[in-house]
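For reference, the structure discussed in these notes is given below.
The values are calculated or read from the model by the stated rules, or taken from the named source; none is laboratory data. Note that the coordinates shown come from a computational prediction; the quantities given were computed from them, not determined experimentally. Neighbour counts run over all protein chains shown; Cβ positions are idealised from the backbone, glycine included.
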Amino acid sequence: MSLAAESPLQSSSSSDDFAAFLDAELDADSSNSSPNDETNDDEEIDLKEERIKRHKVEMSETIEVIESSKIADVNKEKSESTKPNLCPHPGFIKGLCLICGQMEEDDGSGVALSYIHKDLKLGSHEMNRLRGADLRNLLREKKLILVLDLDHTLLNSTRLADVTTDEDHLLKQADLLQDDPNRSLFKLGSMHMLTKLRPFVRTFLKEASPMFEMYVYTMAERCYALEMARLLDPSNIYFNSKVISQSDCTQRHQKGLDVVLGAESVVVILDDTELVWQKHKDNLIVMERYHYFASSCHQFGFNVKSLSQCKKDESDTEGALANVLNVLRRVHQMFFDPALDTDLSSRDVREMLKKVRQDVLHGCKIAFSRVFPSTVRAADQHIWRIAEQLGALCTTDVDSSVTHVVSTDTGTAKARWAVQNEKFLVNPRWVEAANYFWCRQKEDDYVV
Amino acid sequence: MFFHISMEKNMQLHPRHFGPHLRDKLVAKLMKDVEGTCSGRHGFVVAITGVDDIGKGLMREGTGFVTFPVRYQCVVFRPFKGEILEAVVTMVNKMGFFAEAGPVQIFVSNHLIPDDMEFQTGDVPNYTTSDRSVRIQKDSEVRLKIIGTRVDATEIFCIGTIKDDFLGVINDPGAAA
């Protein structure tokens, strides 16, 4: 059994040197053992022979090769999974194949999942397999997947340098509250940042966790993302190995579900920007932006005083996160509704989201006035599309079936018509509010 | 596997150490510099057991530093493919688990975990059999076989398996009932 000489292994690491050396030295003793192989089919006899030659280093792949070539009754599973030529190389970690340990031949076709381990790369086949396995587990545990954005969705950060004079009290407050486990204001000296968690966020995470497997997906740097995950999740229960940052994105300035090990049909995304999710708009719930700090308001061009300057904050129980939690509960309930006929694995959370959205402005027929110029295609307008997504019917002309006129000016013909015929006259923010709050808002709050 | 080998290193010494305790200072510096490091060829240097020989020192031109060639004996640890090791699990996720055997880190992918063990997510992510008799979680001890190694200049990384006979959990810290 001259294993070393006949070995088909082409491992380039020097790890085999020792083994090969030993084998070469011991080969002289073992050449008379080959006739025994042909009479023995059993693995156990092979093992006995190995035990006799205790000092021989076991090289499992080569043993399988010898076995399969000489013996009819082969332990097929073992040989096929450990034979290097048949190994499918599903993924590589630090250049080593996950199954056979061979060095990777770099063909660049893998997806780098550096948020799980900094040197992990998986092939698309393996990722699909993992997604399928994950889907089965999730459906069994009655969970969906929730991808969360950080900035302006769950928290708001500002650089220490950008803190204005009327926000100075926050710095002192952050220092005072250092030992309070329920605090929302954090000063990060190492990164020179001041961070405010959105009200209700801890409860949100706690309530969402039994229904969803949660991921953090941000366009910020990895160290910032990890630090924020640590603030939101100190015991590392929710986001263990699931913090995705900018460096993990496969496309510049675009987030994608290709690095998420979950099937697209069960993913719900919570983000304040639609722009970065071009490929997955159907999975996205757009959140109202959380502007706590003045610098954040300025960044987006708002000249109003920020929440910190007014010494106010978003409501805890009626804020954006509480609303979204209710929506998520509804979607989850709809998905796992036992009354539905379809098979669990063929249900799609995107359909559920659409249905819930359609309910918001169901029954409303909206005409627009002085919201967009009449020269453009009405159906392309952003606000038109939002209203349609929310279940309203949109029209360019007024008639008796119209229920709402959305206008920026009370003087237009359509506006006057609406007042005359006792239809609701609201400004465009009413539509946006319906989009953010997921329920029809009181028209009186949005008069023109 | 552990080996006891003889190695040589050129140590540079600053003139402030020259004096009656030159040799001791040199040995102390050697220990500080070498213990805990890793070389590709020999593996991790675990401990220096003795100094064989310190050669004649050579002064470097331009600086006052003196280079001594030191021969010493040390215990090194180097994992090999096919070797069977015991390791402590450090992290468990859906791709597999990471374990550490001393200074070497080993990854066992879920392909090489027996099929009857499934990943359970939660507070303490773990792999467990369907009848919950065997469980692998953080701080469990496992016996695994090394499938492949990758030797860098500063560290060694391995891929392991527990799918063979006699491999798997030795001791489960969370095991109660």
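Run down A:L205, A:L232, A:L275, A:L257 and say which single residue is under 13 Å from the mean Cα position of the chain (by Cα) and of a type in the set (A, V, I, L, M, F, W, C).
Values: A:L205 fails: under 13 Å from the mean Cα position of the chain (by Cα); A:L232 fails: under 13 Å from the mean Cα position of the chain (by Cα); A:L275 fails: under 13 Å from the mean Cα position of the chain (by Cα).
Residue meeting the stated conditions: A:L257.
One residue is enough: does segment A:382-395 have a residue meeting the conditions touching a residue at least 60 places away in the same chain (Cβ under 8 Å), closer than 30 Å to A:L321 by Cβ, of a type in the set (A, V, I, L, M, F, W, C) and surrounded by fewer than 20 Cβ atoms within 10 Å (Cβ to Cβ)?
Checked segment A:382-395: no residue is touching a residue at least 60 places away in the same chain (Cβ under 8 Å), closer than 30 Å to A:L321 by Cβ, of a type in the set (A, V, I, L, M, F, W, C) and surrounded by fewer than 20 Cβ atoms within 10 Å (Cβ to Cβ).
Test A:Y238 against the stated conditions and say whether it is at pLDDT 85 or above and within 16 Å of A:D151 (Cα to Cα). It would help to see each step written out before you state the result.
Values: at pLDDT 85 or above: yes; within 16 Å of A:D151 (Cα to Cα): no.
Spelling it out, it is not the case that A:Y238 is at pLDDT 85 or above and within 16 Å of A:D151 (Cα to Cα).
Taking into account only those residues within segment B:93-113 that are outside any strand (DSSP E or B) and not basic (K, R), which is farthest from the other protein chains (Cβ to nearest Cβ)? Can you show your working first?
First, pick out the residues of segment B:93-113 that are outside any strand (DSSP E or B): B:94-95, B:102-103, B:110-113.
Those left that are additionally not basic (K, R): B:95, B:102-103, B:110-113.
On the way: B:M95: 6, B:G102: 17, B:P103: 15, B:N110: 8, B:H111: 5, B:L112: 6, B:I113: 11 Å.
The selected residue is B:G102.
Got a sec? Which helices (runs of 4 or more DSSP H) wholly within segment A:60-141 have at least 1 residues that are within 13 Å of chain B (Cβ to nearest Cβ) and at pLDDT below 80?
Per the criteria, A:60-70, A:76-82.
Kindly indicate whether B:P79 is away from chain A (no Cβ under 12 Å), in a loop (DSSP other than H, G, I, E, B) and on the phi < 0 side of the Ramachandran plot. Step through it out loud before you land on a result.
Working: away from chain A (no Cβ under 12 Å): no; in a loop (DSSP other than H, G, I, E, B): yes; on the phi < 0 side of the Ramachandran plot: yes.
No, not satisfied.
List the pairs whose first member sits in segment A:137-150 and is over 14 Å from A:E207 (Cα atoms) and crowded, with 24+ Cβ neighbours inside 10 Å, whose second member is at pLDDT 85 or above and basic (K, R), and whose Cβ atoms are under 9 Å apart, counting only residues at least 6 apart or on separate chains?
Every condition considered, the pairs that remain are A:V147/A:K255.
Quick one: would you say B:T121 is under 23 Å from A:F239 (Cβ atoms), facing chain A (nearest Cβ under 8 Å), free of Cβ contacts under 8 Å to residues at least 40 places away in the same chain and more than 23 Å from the chain's Cα centre (by Cα)?
Details: under 23 Å from A:F239 (Cβ atoms): yes; facing chain A (nearest Cβ under 8 Å): yes; free of Cβ contacts under 8 Å to residues at least 40 places away in the same chain: yes; more than 23 Å from the chain's Cα centre (by Cα): yes.
Against the criterion (under 23 Å from A:F239 (Cβ atoms), facing chain A (nearest Cβ under 8 Å), free of Cβ contacts under 8 Å to residues at least 40 places away in the same chain and more than 23 Å from the chain's Cα centre (by Cα)), B:T121 qualifies.
So for segment B:18-37 (the condition being in a strand (DSSP E or B) and more than 17 Å from the chain's Cα centre (by Cα)), does at least one residue qualify?
At the first step, the residues of segment B:18-37 found to be in a strand (DSSP E or B) are none.
No.
Only residues that are surrounded by fewer than 20 Cβ atoms within 10 Å (Cβ to Cβ) and in contact (Cβ under 8 Å) with a residue 60 or more places away in the chain: list them for segment A:286-310, please.
If the condition is that a residue be surrounded by fewer than 20 Cβ atoms within 10 Å (Cβ to Cβ) and in contact (Cβ under 8 Å) with a residue 60 or more places away in the chain, then A:V286, A:E288, A:R289, A:Q309 are the ones that fit.
What's the total number of residues in segment A:291-334 that are part of a loop (DSSP other than H, G, I, E, B) and either within 21 Å of the chain's Cα centre (by Cα) or hydrophobic (A, V, I, L, M, F, W, C) (or both)?
Number satisfying all stated conditions: 6.
In segment B:124-139, which residue that is over 29 Å from the mean Cα position of the chain (by Cα) and not polar (S, T, N, Q) is surrounded by the most Cβ atoms within 10 Å (Cβ to Cβ)? Reasoning before the result, please.
Going through segment B:124-139, the residues over 29 Å from the mean Cα position of the chain (by Cα) turn out to be B:129-133.
Cutting the leftovers down to not polar (S, T, N, Q) gives us B:131-132.
Details: B:D131: 7, B:R132: 9.
Step by step, filter segment B:124-139, then rank; the result is B:R132.
Filtering segment B:150-172 down to residues that are surrounded by fewer than 13 Cβ atoms within 10 Å (Cβ to Cβ) and not acidic (D, E), which residue is farthest from the chain's Cα centre (by Cα)?
Filtering segment B:150-172 for residues surrounded by fewer than 13 Cβ atoms within 10 Å (Cβ to Cβ) gives B:152-154, B:165-166, B:170-171.
Add one more test, that the residue is not acidic (D, E), and what stays is B:153-154, B:166, B:170-171.
Details: B:A153: 13, B:T154: 11, B:F166: 23, B:I170: 20, B:N171: 21 Å.
In this case the residue turns out to be B:F166.
Check off (1) more than 28 Å from A:D258 (Cβ to Cβ); (2) among the charged types (D, E, K, R); (3) touching a His at 6+ places or on another chain (Cβ under 9 Å) for A:D341 and give me the number that stays unchecked.
Of everything listed in (1) more than 28 Å from A:D258 (Cβ to Cβ); (2) among the charged types (D, E, K, R); (3) touching a His at 6+ places or on another chain (Cβ under 9 Å), A:D341 misses just condition (3).
With A:E227, A:E213, A:E221, A:E207 as the choices, which residue is more than 15 Å from A:T153 (Cα to Cα), more than 14 Å from every other protein chain (Cβ to nearest Cβ) and in contact (Cβ under 8 Å) with a residue 40 or more places away in the chain? I'd like the intermediate steps shown before the answer.
Working: A:E227 fails: in contact (Cβ under 8 Å) with a residue 40 or more places away in the chain; A:E213 fails: more than 14 Å from every other protein chain (Cβ to nearest Cβ); A:E221 fails: in contact (Cβ under 8 Å) with a residue 40 or more places away in the chain.
None of the others qualify; the one that does is A:E207.
Hey, does segment A:372-381 have a residue that's crowded, with 16+ Cβ neighbours inside 10 Å and within 20 Å of A:R440 (Cβ to Cβ)?
no
Does B:I147 count as closer than 16 Å to B:A99 by Cα, of a type in the set (A, V, I, L, M, F, W, C) and either within 21 Å of the chain's Cα centre (by Cα) or surrounded by fewer than 17 Cβ atoms within 10 Å (Cβ to Cβ) (or both)? Before you say what the answer is, go through the steps one by one.
Numbers: closer than 16 Å to B:A99 by Cα: yes; of a type in the set (A, V, I, L, M, F, W, C): yes; either within 21 Å of the chain's Cα centre (by Cα) or surrounded by fewer than 17 Cβ atoms within 10 Å (Cβ to Cβ) (or both): yes.
When the stated conditions are applied, B:I147 passes them.
Has segment B:36-53 got any residue that is at negative phi, within 14 Å of another protein chain (Cβ to nearest Cβ), surrounded by fewer than 18 Cβ atoms within 10 Å (Cβ to Cβ) and not small (G, A, S)?
yes
Consider B:T90 against the criteria (1) surrounded by fewer than 18 Cβ atoms within 10 Å (Cβ to Cβ); (2) under 23 Å from A:I237 (Cα atoms); (3) away from chain A (no Cβ under 14 Å): it satisfies all of them except one. Which criterion is unmet?
(3)
Within segment B:135-158, how many residues are within 9 Å of chain A (Cβ to nearest Cβ) and among the charged types (D, E, K, R)?
Narrowing segment B:135-158 to residues within 9 Å of chain A (Cβ to nearest Cβ): B:145-152, B:157-158.
Right, trim to among the charged types (D, E, K, R) and you get B:145, B:150, B:152.
Counting residues in segment B:135-158 that are within 9 Å of chain A (Cβ to nearest Cβ) and among the charged types (D, E, K, R) gives 3.
B:V66 versus (1) touching a residue at least 24 places away in the same chain (Cβ under 8 Å); (2) out of contact with any Leu (no Cβ under 6 Å at 6 or more places or on another chain): which is the lone unmet condition?
Among (1) touching a residue at least 24 places away in the same chain (Cβ under 8 Å); (2) out of contact with any Leu (no Cβ under 6 Å at 6 or more places or on another chain), B:V66 violates only (2).
All but one of (1) modelled with pLDDT under 90; (2) at the interface with chain A (Cβ under 9 Å from one of its Cβ atoms); (3) part of a loop (DSSP other than H, G, I, E, B) hold for B:R132; state the number of the condition that does not hold.
Every condition holds for B:R132 apart from (2).
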